[in-house]
Amino acid sequence: MSQKDSMKKKIPLTKVAGAVAPRRAPTVITKEFKLAAVARMRAGPQNPTTLALELGIRRNQLYKWAMIFDTRDAADTFNGPGRLPVTQESELVRVRRALKKAEEELAILKKFDAYLTRRKL
């Protein structure tokens with residue numbers, strides 16, 4: 001592969017009626033990569049936009065990682081993909097999730113009650 005080929009930018013697919021863009025597989029980024037990226041963003045003279053382009057990630061992702069790194073302990077930061085384990089999850093998050101589930105169930109029951117009321121008339 002020549003140097004000219006490696007410098008080509010990928011052109012994003014545009015939406016065309018009836019066309020569907022191919023779906024990319026999710027990228028798994030390691031804890032070490034995230035920590036190194038945040039350290040480089042904070043320490044270096046390189047601005048976050050250039051760093052993000054160099055690393056192949058979005059700029060706002062760097063800021064999100066930095067925010068997560070600041071809000072959690074170093075040992076608990078970037079332990080894995082997805083939600084925190086139930087043991088580490090805050091009570092507020094659990095209560096909000098339970099409330100959302102209860103509100104959804106209530107909405108379903110209200111719709112069912114309205115359906116039964118119409119059927120009786």
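The values are calculated or read from the model by the stated rules, or taken from the named source; none is laboratory data. Values in this document were obtained by computation on a predicted structure and should not be read as measured data. Positions of Cβ are generated from backbone atoms using ideal geometry, with glycine treated the same way; all protein chains shown enter the neighbour counts.
With the structure loaded, tell me whether residue 79 is modelled with pLDDT under 90, under 16 Å from residue 29 (Cα atoms) and among the polar types (S, T, N, Q) or whether it fails that test.
yes
What residue, among those in the range 37-75 that are over 19 Å from the mean Cα position of the chain (by Cα) and assigned to a helix (DSSP H, G or I), is surrounded by the fewest Cβ atoms within 10 Å (Cβ to Cβ)?
Per the criteria, the residue is 43.
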